[in-house]
Amino acid sequence: WADCVFLSGKPLIAIQQLETAVALGGAAPSRYSLVRMYVYLLRTSSGTQKDLYSHKATKELANLRKAESARWSGIDRPPILRSSDHADALFKAVSGDRSGADAVRSALQRANSDGHVSAFELAELAAAMGDEAEALQLLETAAEKREWQLIRLNSSPFFKDLRATPQFRTVAGKVGLA
């Protein structure tokens, strides 16, 4: 829901709602969404705003990692990759740490070959890194695999620049979101 509010031109309201959810004891998914929003705002801002969103994204990413560690402690087989790995890669890509983003992307791609990471999440990362062709190909793969994350296809801010392309509209049509 926060992605939709964000894209409706009210990013600060979306962030306020997520911050409230987190403050009220929200789980890792709320923190993950909050990091994604900060990262997108970091991508589209400049000057002191960029510094502010970088600081907030860094802080929430650390909080997300703590929440995930607590969630998975004592479990024999925790997930191979966590939401914080995807959020970290987005943050590195947008903040200009290309080598850091590439390293995380490689780990995500290896996990994807085993079916542990969605093609949709890899597409978001490719879009954040400016690799539109790869992002569109990964969205095609996500559509073929009928990944549940496709419900965010039209609301993910990382695809904003791709929405006007014919290939994006084709993918949206395949999954009933055209």
Item to check | Filter result for Ser118 (at negative phi, open to solvent by less than 30 Å² (accessible area, probe 1.4 Å) and at pLDDT below 90) | outcome: yes
Checklist outcome for this item: Of Glu124, Glu68, the only residue that is among the acidic types (Asp, Glu), at pLDDT 85 or above and either buried (at least 20 other Cβ atoms within 10 Å of the Cβ) or closer than 16 Å to Val35 by Cα (or both) is Glu124
Item to check | Residue selected from the stretch 155-168 under the condition touching a residue at least 24 places away in the same chain (Cβ under 8 Å) and part of a loop (DSSP other than H, G, I, E, B), by the criterion farthest from Leu41 (Cα to Cα) | outcome: Thr165
Checklist entry - Leu138 fails exactly one of the following numbered conditions: (1) within 20 Å of Met37 (Cβ to Cβ); (2) in contact with a helix residue (DSSP H, G or I) (Cβ under 9 Å, 6 or more places away or on another chain). What is the number of that condition? => result (1)
Checklist entry - How many residues does the stretch 133-147 contain that are in contact (Cβ under 8 Å) with a residue 24 or more places away in the chain and at negative phi? => result 8
Next on the checklist: Being modelled with pLDDT of 85 or more, over 23 Å from Ala103 (Cα atoms) and open to solvent by 20 Å² or more (accessible area, probe 1.4 Å): is that true of Lys59 here?
Outcome noted: no
Checklist entry - Since Val5 meets every condition but one in (1) open to solvent by 40 Å² or more (accessible area, probe 1.4 Å); (2) β-branched (Val, Ile, Thr); (3) modelled with pLDDT under 70, which condition does it not meet? => result (1)
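The values are calculated or read from the model by the stated rules, or taken from the named source; none is laboratory data. Computed from a predicted model, the values in this text were never measured in an experiment. Positions of Cβ are generated from backbone atoms using ideal geometry, with glycine treated the same way; all protein chains shown enter the neighbour counts. Protein only, heavy atoms only, side chains kept; ligands, DNA and RNA dropped before computing areas. Shrake-Rupley method; radii C 1.70, N 1.55, O 1.52, S 1.80 Å.
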